[in-house]
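**Q** Supplied in structure tokens, the structure appears directly below.
The values are calculated or read from the model by the stated rules, or taken from the named source; none is laboratory data. Keep in mind that what you see is a predicted model, and the values were worked out from it rather than measured. Here Cβ is always computed from backbone atoms with ideal geometry, including for glycine, and neighbour counts include all displayed protein chains. Protein only, heavy atoms only, side chains kept; ligands, DNA and RNA dropped before computing areas. Shrake-Rupley method; radii C 1.70, N 1.55, O 1.52, S 1.80 Å.
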Amino acid sequence: MTTSDTRKGDRTELLVREIRQAIIAGELKPGGTLRQEELAKAYSTSRMPIREALRVLAGEGLVQLAPNRGAIVAPIDANELRENFEMREAAELLALRLALPHLSNAQIDRAAALQDRIADAGLIEFGRLNKAFHTTLYAPCQRPRLLAHISSLHDVADRYMRFTLARLDYLVKSSDEHRAILDACYRRDTEAALQLTSRHIVEAGKTLERYLLEKEPS
């Protein structure tokens, strides 16, 4: 790979991160058109890396590409949310099951410190810290592809959390569930940790799904 190719790859990766964050934060609205020329101007780049970044984000489910119509921010959709938390449950329980035999108290302590920050965080910081909490516990599984998959699922989930958490009293419940998961990890109680994590993911997903369905026009 040439130096020029490396730079193009780095630029595309940076654009993916920046556009992803703008979608998750709601700065780019669900259903909104993503015009390459406007994005190129906004991010001071050419259209080619923008086009590549949009393809990556389409693969993550944050952007939809339509032939002859360009790109749009993926709409908020209850079916996508359901698929997301079903996939998260399967992937995260596998990661946690593989990680627990190798999880040190120091690593659990780092997750506990993140939970302390979550308890004092606002909505903007919640998604990033929540993702870091979970991935800290899963890191010892030593499955980089699995962890990358979980990371992508969390990015999509964060978008839904931001969209609804401001309207739901969920942050305290989430923190209580995190502390219960930490306690099970400290005790090396594998089955309890897996059950608590499963309930944490699925109940949150179903709560958000119900909210979205109630808000759909009849």
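**Q** Accessible area of the chain with a 1.4 Å probe: how many percent of it is carbon plus sulfur?
**A** Working: 6010 of 11750 Å².
In the chain, the share of accessible area belonging to carbon and sulfur is 51 percent.
**Q** Suppose every Lys and Arg Cβ carries +1 and every Asp and Glu Cβ carries -1, with no other charges. What dipole size does region 42-102 come out with about its Cα centre, to the nearest 20 debye?
**A** That gives region 42-102 a dipole magnitude of about 320 debye.
**Q** Here's a follow-up. In whole angstrom, note down how far apart the Cα centers of region 96-148 and region 176-218 are.
**A** Measuring centre to centre over Cα atoms gives 15 Å.
**Q** Same structure, new question: When the Karplus curve 6.51 cos²θ - 1.76 cosθ + 1.60 is applied with θ = phi - 60°, which whole-Hz ³J(HN,Hα) does each residue of region 176-186 get, with x for Gly and Pro?
**A** Running phi through 6.51 cos²θ - 1.76 cosθ + 1.60 with θ = phi - 60° gives 4, 5, 4, 5, 5, 5, 4, 4, 5, 5, 4 Hz.
**Q** Can you list the lysines whose alpha carbon is less than 21 Å from that of residue 215, not counting same-chain residues fewer than 8 positions off?
**A** The qualifying lysines are 29, 206.
**Q** Of the peptides 87-95, 10-18, how do they stack up when ordered by the mean number of other Cβ atoms within 10 Å, highest first?
**A** 87-95, 10-18
**Q** Considering amide H positions built from the backbone, and no H for Pro or chain starts, which residues 5 or more places from residue 63, or on another chain, come under 5 Å of its amide H?
**A** For residue 63, whose amide H was placed from the backbone, the distant partners under 5 Å are 58, 74.
**Q** For the chain, report the accessible area per residue in Å² (1.4 Å probe, heavy atoms, rounded to an integer).
**A** So the chain comes to 54 Å² accessible per residue, rounded to a whole number.
**Q** Sticking with this one: Of the listed peptides 49-56, 155-162, what is their order by residue-averaged count of other C-beta atoms within 10 Å, with the highest listed first? Walk me through the numbers before you get to the answer.
**A** On the way: 49-56: 20.0, 155-162: 22.1.
By packing density, highest mean first, the sequence is 155-162, 49-56.
**Q** Could you tell me the extents of region 1-96's C-alpha atoms along the three principal axes, largest first, rounded to whole Å?
**A** Computed over the Cα atoms, the extents are 40, 32, 25 Å.
**Q** For the chain, max minus min Cα coordinate along each principal axis, in Å, sorted largest first?
**A** Rounded to whole Å, the extents work out to 54, 53, 29 Å.
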